[in-house]
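Below: one structure, written as structure tokens.
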Amino acid sequence: CYEISNKLDECILFFNEFLNKNPYSKAAWFNLGIAHNNREEYEKAIEAYDFAIAIDDNFASAYFNKANSFANLNLFEKAIEYYSETFRFEEPEAMTYYYIGECYEKLNDLEKARTNYRKAIDLDPLRADAWIGIGMIYEEMNKYTISINHIKRAIDIEPANSEYWYMLGDVQYKADLFDEAKK
């Protein structure tokens with residue numbers, strides 16, 4: 001309730017008090033990590049997730065959230081490591097592959113980024129942000145026609161996403177498709 005009502009100080013205080021009495025509650029450590037993450041206290045979040053993982057080393061959600069915290073700290077290699085760890089405990093998910101791709105893109109490893117975005121799409125063809133990710137990689141490679149096709153696929157999925165329309169216009173402009181870019 002504290003988290004939902006954005007009372008993060010009270011949330012953290014509650015979980016710390018709860019953990020003083022119940023130090024082996026993986027759910028409490030996990031939720032404490034979420035509260036710290038919401039306050040952008042990523043190191044404290046990672047520490048809380050570590051306790052949850054120490055209690056249950058099969059806790060895929062704790063690995064996933066720990067990876068998110070590492071990504072928020074721009075520690076993309078560590079984020080990839082922990083996102084990948086979730087695959088040991090649960091079926092791969094499109095969102096996880098998307099986040100791995102995003103990390104690789106930020107590391108400027110475009111081939112691995114594209115591979116992971118593609119894995120996300122294979123699991124969920126309606127994962128619009130993965131289509132955009134691939135489109136932006138092709139744009140970076142100056143392969144504008146392929147980029148445009150991927151961006152249009154994302155727009156088919158999320159036609160109200162104005163950012164996707166802007167990206168499409170930007171790539172069309174770079175491809176000298178000025179009339180299309182204006183639209």
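Remarks
- Of everything in the range 8-65 that is crowded, with 21+ Cβ neighbours inside 10 Å and small (Gly, Ala, Ser), the residue that is farthest from the chain's Cα centre (by Cα) is Ala28.
Yes or no, residue by residue, for (1) closer than 30 Å to Glu81 by Cβ; (2) open to solvent by 70 Å² or more (accessible area, probe 1.4 Å); (3) touching a residue at least 40 places away in the same chain (Cβ under 8 Å); (4) touching a Lys or Arg at 6+ places or on another chain (Cβ under 6 Å):
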{"residue": "Asp129", "(1), (2), (3), (4)": "yes, no, no, no"}
{"residue": "Met136", "(1), (2), (3), (4)": "yes, no, no, no"}
{"residue": "Asn142", "(1), (2), (3), (4)": "no, yes, no, no"}
{"residue": "Ser147", "(1), (2), (3), (4)": "yes, no, no, no"}
{"residue": "Ile155", "(1), (2), (3), (4)": "no, no, no, no"}
{"residue": "Asn161", "(1), (2), (3), (4)": "no, no, no, no"}
{"residue": "Tyr166", "(1), (2), (3), (4)": "no, yes, no, no"}
{"residue": "Tyr173", "(1), (2), (3), (4)": "no, yes, no, no"}
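- Listed by first and then second residue, the pairs linking a residue in the range 1-29 that is of a type outside the set (D, E, K, R) to a residue that is part of a loop (DSSP other than H, G, I, E, B) and modelled with pLDDT under 90, with Cβ atoms under 7 Å apart and 6 or more places separating them unless they lie on different chains, are Cys11/Tyr2; Cys11/Glu3; Phe14/Tyr2.
- Checking the range 86-102 against the condition returns a match, with at least one residue being assigned to a helix (DSSP H, G or I), open to solvent by 80 Å² or more (accessible area, probe 1.4 Å), within 29 Å of Arg114 (Cα to Cα) and not β-branched (Val, Ile, Thr).
- Residue match in the range 103-114 (condition: closer than 28 Å to Ala27 by Cα, within 14 Å of the chain's Cα centre (by Cα) and assigned to a helix (DSSP H, G or I)): yes
The values are calculated or read from the model by the stated rules, or taken from the named source; none is laboratory data. All of these numbers come straight from a predicted model, not from anything done at the bench. Please note: Cβ atoms are built from the backbone with ideal geometry, for glycine as well, and neighbour counts cover all protein chains shown. Surface accessibility is based on the protein's heavy atoms, side chains included, excluding ligands, DNA and RNA. Shrake-Rupley method; radii C 1.70, N 1.55, O 1.52, S 1.80 Å.
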